[in-house]
Amino acid sequence: MTTQDAPIADASGRPADEPGSGPTRAGGRFDRLRSIRIAGLGAVFVLFVIAGAVLAPERFLTLNNLYNILLQASVIGIVTIGLTFVILGGGIDLSVGSLVALAGVVAAAPFAQDGGVLAMVAIALAVGALAGLVNGALIAYGRVVAFITTLAMLTTARGLAIRVTDSRPFIISEDAFNTLGTDRLLGVPIPVYFFLAVAVLGWVLLNRTTFGRRTVAIGGNAEASRLAGIDVKRHTMLLYVLSGVLSGLAAVLISAQLTTGSASVGIGYELDAIAAVIIGGASLSGGRGTVVGSVLGILTLTVLANIFALLLIPSDVRQIVQGVIIVVAVLLQGRSRSS
Amino acid sequence: MGSLAGEPTSLLAMRGITKRWPGVRALDGVDFAVTAGEVHCLLGQNGAGKSTLIKVLAGAIAPDEGEVVWNGQPVALTSPTDALRLGIATIYQELDLVPWMSVAENVALGHEPRRGPFVRRREAADRARRLLADLGHGDLPVDREVALLSPANAQIVSIARALSHDARLIVMDEPSAVLTADEVDTLFRLIGRLTERGVAVVYISHRLAEIRRIGNRVTVLKDGQVVARGLDAAATQTAELVRLMTGRTVAYDFPDRPAAPPAQAGAPLLRVRGLGRARAFTDVSFDLHPGEILGIAGLVGSGRSELLRAVFGAERADTGTVELDGRPLRGGTGEAVARGMGMAPEERKSQALVLDQSIARNTTLATMDRYARLGFLDGTREFADAARVLTDLDLRPPDPRRPARALSGGNQQKVVMARWLLRDCRVLLLDEPTRGVDVGAKAEIYALIRDLAAQGRGLVLVSSELPEVLGLADRVLVLHEGRVLTEAPGGVLSESDVLDLILAGARQDRGAEIQEVHP
């Protein structure tokens, strides 16, 4: 037999005998391959920024506008981090936008406002967690397909949000709460700090903890993970709880920003977040994706929206361009099924 | 190898077909010829290369070497459409019908009678009715959705569809596996009608008795090579066929048995009592002691893999108990692993490895908690441990950073073994540990198995290769159709003893079947 001495080429055609020289961490070569992809995505992002600076020189490269971009990216960015984990684990969560609305209106309801800022934040996170738990339990233990479960949650949560507000948004008079969305610290809007913190914690969770490792293993091969003794169902459920909690946090920030609990916020968040995760290099079938990629994905989409707004180009054109970008990103990353 | 020139009437001749996957030759210079109007049986254990061969024939995978001659003309089968157009139809085990379409729509699928863009539904229905009537099943309602049909009837629809493509060669992959005895009779009558019309049938089955009933000739594959070509099906003894399928094509290199057999006194590590699972195995009991290798011998379909999965908690058993260290196991794979059990499953790629992840991460998949404090992984220590175990097992190439996908079968198996060595588990269940592994690596895995037992671990070994089970196991359980036929010390049973047992068991089963049908 030839296998012992002949070099075997792997999927990318590299000979097998090439000794690795990566860091002595278990991820090694993948981290490097991923870094190349992320560097590519980073380069595209920088190109967009340069394009903005060239096309709208007076307005784009101002500190205020850059803060504005970051602020806009923050709420949807937090949702995107949660969705990144769900997608890495082989699932999908379509309900995130509706959960933002539901958590936002419950937290802004008069009874919650009576409890003060801490109660409002806790309620928002709890509503998100609970809805995520329902999603996760149905998917992991009830064996309902994730797409269907979270699609049902999308409409149910939206309906509940409208019912809670009785179609009239709650005005938030708790100033300490509104500060979270409207104030600045060292000139930077507060939600940006939250986004940064969630991104950093998300990166740590994915790359440095057993939770992250299990997520990737389950998304890559659920049966192998199960036979290695991992509780796949419980972990899958937790991924949806995580996504729900982060939707709750996004709800706090958007409600505080608007000083209103409205049932009509977050519409379409799920689509933008999925787009960002995909642009960021994740595979919708699970097992592949990065937090850094997803952050770059959402920043790219936000910068694009900002440039188009500054140039007074109608949003329909932006939507068309966004669609093209998604497809081009996926094609450039060469993520065909065979690779 | 005989000369193919002696078979001028071959409808199909495949010559020197070779297909390599990383690290293994699935097919190694296979010659295969089929004559019009014959039933040619293709035999072989799991992994022998049958599936690969019929996929080549169906145009689903391209061989690396070799040629296919159809009706005297060399042809290139580059897609399933090519094969169908030539008249080669394949009926896979999982029937490839569209469940929520009607019988007529399924028969016409892909070549519907049309007028412009519109399907001529009545003509499609008429055509389906005519084809089914030809097959003696004109009573099948052509407007019924296929999902509502029995497996037997769905199979008939598949055959009708093959005929609607004017198939002249129909490959049937284990068609009898899903059928009752009566339905098998019906299928055989139908195959008789096909061959009368000059259609050739390539018939794959693990039920050896069927081969003598309907086969004209038999070709046996083992380890990707033809070990017997074009045998006369009626004249060849069943025992001979089993010997060909399971026998030695290579010299096995087993390590010496330990001087003293492991003590069977004292408390067993693992105690299995009356374990049963519907349609898989019934009332299986055994003990496993420290330092012991328990072999499970049986043909494909004997329930051996299902048994192993149930013991590990990967599938629920309907009856019976599994005890580890005297305490029952009931919590699924998580509990089994936590309490010191490990399993190397049958299908490494789909059941054991996260192919996109590094070898190191695959190695620590069951132990990552050990390298974590409050959930935070110490990646450096994790990598060092993985690298150490993999070096001990002589992983080649010795780079744990590479993706698991890039490894040969033998080295993938080493990664799975390394996973459980790192876990230091005391009971290891091995399902086909040397499938798709080349000869050199096989010897290494045998030595490893023996080492593990010498360290006081208990091992359960399932293998399609009878010599492997008999050569390694201290005790052998012979399993047939889900029942334990006998349990004996490893040194005592010979290959022919086991085969005799299995064949005797098969005869008993047939007797029982006949009684069930005619009470």
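The values are calculated or read from the model by the stated rules, or taken from the named source; none is laboratory data. All of these numbers come straight from a predicted model, not from anything done at the bench. When we count neighbours, we look across all protein chains shown, and the Cβ atoms used for this are built from the backbone with ideal geometry, even at glycine. Calculation scope for accessible area: heavy atoms of the full protein, side chains included, ligands and nucleic acids excluded. Shrake-Rupley method; radii C 1.70, N 1.55, O 1.52, S 1.80 Å.
Computed from backbone phi with θ = phi - 60° and the Karplus coefficients 6.51, -1.76 and 1.60, the 3J(HN,Hα) list for segment B:104-112 is 5, 5, 5, 5, 8, 3, x, 9, 5 Hz; x is used for glycine and proline. All C-alpha to C-alpha distances of segment A:80-162, sorted into 5 Å bins beginning at zero, yield P(r) values of 3, 16, 24, 23, 16, 10, 6, 2, 0 percent in whole numbers. Compute the FRET efficiency between B:V69 and B:D451 as 1/(1 + (r/R0)^6), taking r as their Cβ-Cβ distance and R0 = 41 Å, and round to the nearest 0.05. The pair B:V69/B:D451 has a calculated efficiency of 0.25. Just need the relative contact order of chain A here, percent rounded to a whole number, with Cα pairs under 8 Å and 6+ apart. The value is 30 percent. Please state the shape class of segment A:31-332: rounded when a/c is under 1.5, otherwise prolate if a/b exceeds b/c and oblate if not, all from the C-alpha gyration tensor. It is oblate, given that a/c is not under 1.5 and a/b is not larger than b/c.
Starting from the Cα of A:T182, step 7 Å toward the Cβ, then list every residue of segment A:113-130 with an amide N under 18 Å from that point. So the set is A:113-114, A:116-118, A:120-121. Protein heavy-atom accessible surface, 1.4 Å probe, per residue over the protein assembly as shown: 42 Å².
Quick one: net charge of B:R121's neighbours, Cβ under 10 Å, K/R +1, D/E -1? Surrounding charge for B:R121 is -3. What translational diffusion coefficient, in µm²/s and rounded to a whole number, does the Stokes-Einstein relation yield for segment B:277-515 at 4 °C and a viscosity of 1.567 mPa s, taking the hydrodynamic radius as the Kirkwood radius over Cα pairs? D = 70 µm²/s. For the segment A:209-222, counting C-beta atoms of other chains within 10 Å of every residue's C-beta and taking the mean gives 5.
Computed from backbone phi, the HN-Hα couplings of segment A:289-303 come to x, 9, 5, 4, x, 5, 5, 4, x, 6, 5, 4, 5, 5, 4 Hz, rounded to whole numbers (Karplus: 6.51 cos²θ - 1.76 cosθ + 1.60, θ = phi - 60°; Gly and Pro given as x). The residues neighbouring B:V75, those whose beta-carbon lies less than 14 Å from its own, together hold a net charge of +1 under the Lys/Arg +1, Asp/Glu -1 convention.
Averaged over the residues of peptide B:346-357, the number of Cβ atoms from other protein chains lying within 10 Å of each residue's Cβ is 5.
Considering all alpha-carbon pairs of segment A:177-308, what whole percent are spaced by more than 24 angstrom? The proportion of pairs with Cα distances above 24 Å equals 38 percent. Inter-chain neighbour count for B:363-372: the average number of beta-carbon atoms from partner chains within 10 Å of each residue's beta-carbon is 4. Look at the dipole of the protein assembly as shown built from charges on Cβ: of A:I320, B:T78, B:L395, the Cα furthest out on the positive end belongs to A:I320.
Relative contact order for chain B: 15 percent, from Cα pairs under 8 Å spaced at least 6 residues apart, divided by residue count. Karplus-based coupling profile of segment A:37-44, in residue order and whole Hz: 4, 5, 4, x, 5, x, 5, 4, with θ = phi - 60° in 6.51 cos²θ - 1.76 cosθ + 1.60 and x standing for Gly or Pro. Shape analysis of segment B:41-155 based on the Cα gyration tensor places the equivalent ellipsoid semi-axes at 30, 19, 13 Å, largest first.
Could you state the angle between the C-alpha long axis of helix B:181-196 and the longest principal axis of the C-alpha atoms of chain B, as a value from 0 to 90 degrees rounded to the nearest 10? Tilt relative to chain B: about 50 degrees. Averaging 1/r over every pair of different alpha carbons in the protein assembly as shown and inverting the result gives a Kirkwood radius of 30.6 Å.
Amide H to amide H distances under 5 Å link A:G289 with A:S283, where only residues 5 or more positions off or on other chains count and H is placed in the peptide plane.
Interface of B with A. Using a 1.4 Å probe and counting protein heavy atoms only, the two chains hide about 3900 Å² of accessible surface, both sides summed. Plainly put, chain B has a radius of gyration that is 1.00 times its Kirkwood radius, both from alpha-carbon atoms, as the Rg/Rh ratio. With helices as the sole contributors, the protein assembly as shown gives -15500 deg cm²/dmol at 222 nm; each DSSP H run of n ≥ 4 counts as -39500 (n - 2.57), and the sum is divided by every residue. Compared with the dominant Cα axis of chain B, that is its longest principal axis, helix B:409-423 is turned about 40°. In a reduced charge model with +1 at each Lys and Arg Cβ and -1 at each Asp and Glu Cβ, segment A:183-273 shows a dipole moment near 360 debye about its Cα centre.
Each part reduced to its alpha carbon centroid, segment A:68-120 and segment B:291-316 end up 48 Å apart. Using a 7 Å offset from Cα along Cα-Cβ at B:R381, what residues in segment A:211-240 end up with backbone N under 14 Å from the label point? Correct set: none at all.
Spin-label pair A:A152-A:V327: with each label point 7 Å from Cα along the Cα-Cβ axis, the two points sit 3.4 nm from one another.
Placing a label point 7 Å from the Cα of B:T18 along the Cα-to-Cβ direction, the residues of segment B:53-71 with a backbone N closer than 19 Å are B:53-54, B:56-57, B:61-69. Placing +1 on the Cβ of every Lys and Arg and -1 on the Cβ of every Asp and Glu, with nothing else charged, gives chain A a dipole about its Cα centre of roughly 600 debye.
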